[in-house]
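Below is one structure, written out as structure tokens; comments come after it.
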Amino acid sequence: MKLAIELVDVVKTFRGQNQREFRAIEQLNLQIRDGEFFSLLGPSGCGKTTILRMIAGFESPTAGEVLIHGEAMGDRPPFHRPVNTVFQNYALFPHLTVAQNVAFGLEMEGIAQAQIRSRVGDALALVKLNGLENRRPRQLSGGQQQRVALARALVKQPEVLLFDEPLGALDLKLRKAMQLELKAMQQQVGITFVYVTHDQEEALTMSDRIAVLSEGKVLQVGTPTAIYEEPTCRFVADFIGESNFLLGQVIEQANGGLVVLVDGELTLSIPYEPELPVGKVITLVIRPEKVTLHPQTHHDPLALQGTIQDVVYLGTDTRFVVQLTSKSTLIIRRQNLHPGKLDRFTVGEAVKIRVTPNSMRVLEEGSLGPETASGVLNLS
Amino acid sequence: MFDRIQTHWQTHLATATNRRRLNLAVLVIPATIWLFFFFVLPLLMVLLYSVLERGIYGGVNWQFTLSNYQRLLNPIYWGVLGRSLWLALFTTVACLLIGYPLAFFIASRPPQWRNTLLLLVIIPFWTNFLVRIYAWIIILRREGVINVLLSSLNLIDQPLDLLFNSFAVTIGLVYGYLPFMILPLYATIERFDFSLLDASQDLGANDLKTFVRIVLPLTLRGIVAGCLLVFIPAVGEFITPDILGGAKTIMMGNLVQNQFLGARHWPFGSVLSIVMIVIVLIPILIYFRIADEKLKAN
Ligand SMILES: Nc1ncnc2c1ncn2[C@@H]1O[C@H](COP(=O)(O)OP(=O)(O)OP(=O)(O)O)[C@@H](O)[C@H]1O
Ligand SMILES: [Mg+2]
């Protein structure tokens, strides 16, 4: 597998105003494959922009190495790196026209005028901006400016294109349209996209692979499906989509399955292969859409008991909050499949809940509050 | 430009209510009166005096003549004029070369530092201009700070003649007008979007190309404003050359001053003033021409 970008043990510390050192990136290892759409996803301040700027050459790592196509970049300046960036605020040159903005990068390479003209034309056609060549950036809408920024980077035919939250300033509808367009364009031109976003939905829609970051560390790297279905830690499960977390203690492990006691009152059986000691505290992750609700009259020996706490109609689906144990509630989403037919469940109603065992994910982390811990230990 | 203003006025007045018309008059009339008495009238007087004969004890005789203008043909005045232009030009360029990096430095500091640094630029204004120029005598004279320092380091055997020449005048002018360059430059550079530097480098431009293609065009307004603010008063300077230039380095301003106060030749003084006004008008007209074309281009 050919790698487009490799970050090896990269550390970045900033010196703050009070001269105190601040570690923005800690011991980061990332491998981005050639031709893939790779997203860096994480909350604000987790270091996404810093990583991108180190790849582009605007910041140099405090320790570690950035490799582009196997070549160590060292202190090579931005203008000698085979990557281009689409900036969050677009950073278009206000004194140049659209065509001049796009031509700028080619002029820097010393390419002949005639060739520049044809390549600029192609790039503007690719982003559907023909006819606006002679406008200035401030005479364009946000979406058009964003396309100019894209054309300006694409026209250089870089090996890797870096995006720093390029759609952040656009309204929702335009953003959705641009997401699909960008993805299609990436497949068309076949270059590596490294895409920074804090929008998990955006990352899931567009990416081949996603790296989830928190506080300067990579928590998980994987395909959108893997990130969503098999989160490896609580942060990822919480950040990507909605999750229910149940704290439980292992009371038995047999036949490739765990028996877990939740909140000291509810036992659940879950398929799980790796060895876990009895008494180990674990976290169960349950996605709201993977749970089904049934009326009390429904016959199902494996169903759990619960009481409806809250019902919120959300258009495409309805969101229920169900009391499962004395300490834990479960959020459940049901798609509104039948037009005009409102859900029968009402607040206070006792219901049956069906959780398919293999849709529960076990995380080997978590701790219990002091009084619960002692109470459960007595049981085991 | 005038008919643009006029049509604007006409439509404005046609649609305005009486009350609005009154408000406008209240706003415009004082400015018009002020301009008339302190700008138009003196200018007309200077023009008039330039074609009258000289009075014996100053003032004018009401006899029309063009001889005052003929006197301009004397090469002595061409020399002074040339020196004034050259010194003012040199001062402007020197101020730009020193002021631009300085303004850039200040504008790229963290915001909490900028005001302090700007204050340092402005502080000299709190002292009288004369006092500050005299201070340079103490620095530049034969027994002055520089000569003492250099000879104590055994770098020179004899004190250098640093005072009462063009060199001293230039130093005084650059020193005096530097803030007028820095402030408008700072105002433009401070509004400059520094992320454009990243974008330019990202697209393959090195530092020099980034400066020439991006930074320079986007800060041109400040450069032009600063140059005008330095060049215009520098051409007409008479205090600095008087104090630091001795008798040898006379500028146009000294001539004018001399004609009015020393030689008591008001008409010729007026002619020299008109020459200076024309000189100063040329760069301003060029500036407006460029600005107007830019406006049309957009
Ligand atoms: N030049 C700098 N000097 C000091 N600290 C910095 C500098 N640049 C970034 N930081 C700090 O490093 C951390 C990571 O910043 P970064 O800009 O990479 O975050 P981000 O993930 O891009 O956030 P956002 O989503 O808000 O853009 C932040 O805490 C930030 O304050
Ligand atoms: Mg950022």
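The values are calculated or read from the model by the stated rules, or taken from the named source; none is laboratory data. The shown structure was predicted, so the numbers you read here are calculated from the model rather than taken from an experiment. Positions of Cβ are backbone-derived with ideal geometry, glycine not excepted, and every protein chain shown enters the neighbour counts.
Listed values, structure above:
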| quantity | calculated |
| --- | --- |
| Condition met for A:Ala125 (among the small types (Gly, Ala, Ser) and away from chain B (no Cβ under 13 Å)) | yes |
| Contacts under 9 angstrom Cβ, first residue in region A:44-56 being more than 9 Å from A:Gly216 (Cβ to Cβ) and free of Cβ contacts under 8 Å to residues at least 12 places away in the same chain, partner assigned to a helix (DSSP H, G or I) and more than 8 Å from ligand 1 (Cβ to nearest atom), 6 or more apart | A:Arg53/B:Asp198 |
| Conditions (1) assigned to a helix (DSSP H, G or I); (2) more than 14 Å from chain B (Cβ to nearest Cβ); (3) of a type in the set (Val, Ile, Thr): number failed by A:Ile55 | (2) |
| Residue in region B:252-265 that is assigned to a helix (DSSP H, G or I) and either charged (D, E, K, R) or exposed (fewer than 13 other Cβ atoms within 10 Å of the Cβ) (or both) present | yes |
| Set A:Arg76, A:Arg33: member being of a type in the set (D, E, K, R), within 22 Å of A:Ile191 (Cβ to Cβ) and in contact with a Ser or Thr (Cβ under 8 Å, 6 or more places away or on another chain) | A:Arg33 |
| In region A:20-40, residue nearest to A:Pro158 (Cα to Cα) [restricted to those that are within 15 Å of ligand 2 (Cβ to nearest atom) and at pLDDT 95 or above] | A:Ser39 |
| Residue list for region A:58-87, restricted to those being in a loop (DSSP other than H, G, I, E, B) and more than 16 Å from ligand 1 (Cβ to nearest atom) | A:His69, A:Gly70, A:Met73, A:Gly74, A:Asp75, A:Arg76, A:Pro77, A:Arg81, A:Pro82 |
| Candidate set from region A:1-19 (those that are within 15 Å of A:Val221 (Cβ to Cβ) and assigned to a strand (DSSP E or B)); member that is farthest from ligand 2 (Cβ to nearest atom) | A:Leu3 |
| Unique residue being among the small types (Gly, Ala, Ser) and modelled with pLDDT of 90 or more when the list is B:Gly99, B:Gly144 | B:Gly99 |
| Of residues in region A:183-201 being part of a helix (DSSP H, G or I) and within 16 Å of ligand 1 (Cβ to nearest atom), the one nearest to A:Pro78 (Cα to Cα) | A:Gln200 |
| Residue in region A:41-52 that is more than 8 Å from ligand 1 (Cβ to nearest atom), more than 14 Å from chain B (Cβ to nearest Cβ) and crowded, with 23+ Cβ neighbours inside 10 Å present | yes |
| All positions within region A:195-214 that are more than 8 Å from the chain's Cα centre (by Cα) and away from ligand 2 (no atom under 16 Å from the Cβ) | A:Thr205, A:Met206, A:Ser207, A:Asp208, A:Arg209 |
| Residue check for A:Ala99: farther than 23 Å from A:Val194 by Cα and of a type in the set (A, V, I, L, M) | yes |
| Spans of helices (runs of 4 or more DSSP H) in region B:103-222 with at least 2 residues over 30 Å from B:Thr240 (Cα atoms) and within 14 Å of chain A (Cβ to nearest Cβ) | B:111-122, B:195-202, B:207-210 |
| Among the candidates A:Leu302, A:Leu337, A:Leu368, A:Leu314, residue that is at pLDDT 85 or above, at negative phi and hydrophobic (A, V, I, L, M, F, W, C) | A:Leu314 |
| Which numbered condition A:Pro77 misses (of (1) away from ligand 2 (no atom under 16 Å from the Cβ); (2) under 24 Å from A:Gln200 (Cβ atoms)) | (2) |
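Every residue, every condition in (1) more than 24 Å from A:Leu182 (Cβ to Cβ); (2) within 11 Å of chain B (Cβ to nearest Cβ); (3) in contact with a Cys (Cβ under 8 Å, 6 or more places away or on another chain), yes or no:
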| position | (1), (2), (3) |
| --- | --- |
| A:Thr85 | no, yes, no |
| A:Gln88 | no, yes, no |
| A:Ala99 | no, no, no |
| A:Glu109 | yes, yes, no |
